[in-house]
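Read the structure below first, then the notes.
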Amino acid sequence: LQPTLADREFEIVVGLMLDTRNNVIKQMTIGEGTLDSTVIQPRKLAKDAILYNAKSVILAHNHPSGDPNPSQDDIDTTKQFTSVLSGLGIMIMDHIVIGKNSYSSLKEMGVFPNTSSIREDQAKYRAASQARSNDDFPVVSTILRTFDSRLAAGGQPAVRSAATPASTSIASRCFIFR
C-alpha cells in the first residue's frame, strides 16, 4: 500500500477485504478527499465488505503531509467503524496510516478499539435483533438505532459528521479521517 498511497497529494482511504483465512479478496478505494481529510460513509464500507463476502477488513489511508501519526479523528472514526461493522459480523483488523517513508498501525500502537467491548456489543445486538423479529433487517436496524441513540446522547464528540440533521441515522452520516 505504501507505494500506492505515500506520494499522493490528497488523502485516500483504502479497504482490504479479507476472507476467513485473512487472505486479501479485494483492495478497494473507499474514499478520496482533500489535502487534509477524507469523507467516507460507514454504509459504503459495510456494503463493499458484504458484497465481497469479507470476514474482516484492514483500513489504510495516507497523510499527504508525510507524517504517519494518526490524528484523533483517525482513532475516533476507526472506533466508530469497528463498532458498526462488528454488529454485521465483520471485524476491522487494523487501520494503517501511511506517511512519506513510514507508516503507523493503530493496532500496534495499542489504540485500536477493545475487542471485548465489541463482543459485548455484538451480544446486545443479537439479543435485540431476536426480540425484534418483525423487522426486515433486524440486526442492521438495531445497530443503527443503538448508534443513533449514542449520537443523540453526545457519544461522538471528536468524530465530525457532515452537516446532517441529528435525526438521520449513522449509516447516512459521513466521517472524516484527518
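Please treat every number below as a calculation from the coordinates, not as lab data. Just so we're clear, the structure is a prediction, and the values are computed from it rather than from any experiment. Here Cβ is always computed from backbone atoms with ideal geometry, including for glycine, and neighbour counts include all displayed protein chains.
For Met109 and Thr34, calculate 0.36 nm times their separation in residues minus their Cα-Cα distance, and state this gained length in nm to one decimal.
24.4 nm
With r as the distance between the Cβ atoms of Asp67 and Lys26 and R0 = 30 Å, compute the FRET efficiency 1/(1 + (r/R0)^6) and round to 0.05.
0.60
First select every other residue whose beta carbon is under 15 angstrom from the beta carbon of Ile50; then total the charges, Lys and Arg +1, Asp and Glu -1.
Once all neighbours under 15 Å are counted, the net charge is +3.
Cross-link list Lys26/Lys47; Lys47/Lys100; Lys44/Lys107: which exceed 21 angstrom alpha carbon to alpha carbon?
Lys47/Lys100; Lys44/Lys107
Determine the relative contact order of segment 1-117: mean sequence separation of Cα pairs under 8 Å and six or more apart, normalised by residue count, in whole percent.
Here the relative contact order equals 26 percent.
Which far-off residues, 5 or more places away or on another chain, put their amide H under 5 Å from the one on Ile30, with H placed in the peptide plane?
So Ile30 has HN proximity to Val13, Val14, Gly15.
Karplus couplings for segment 17-26 from phi (6.51 cos²θ - 1.76 cosθ + 1.60, θ = phi - 60°), rounded to Hz, Gly and Pro as x?
Values per residue, Gly and Pro as x: 7, 10, 8, 5, 9, 6, 7, 6, 8, 7 Hz.
Under the rule of at least 5 residues apart or a separate chain, name every residue whose amide H is placed under 5 Å from the amide H of Ile25.
Residues meeting the criterion, in which the H sits 1.01 Å from N, are Met17, Leu18, Asp19.
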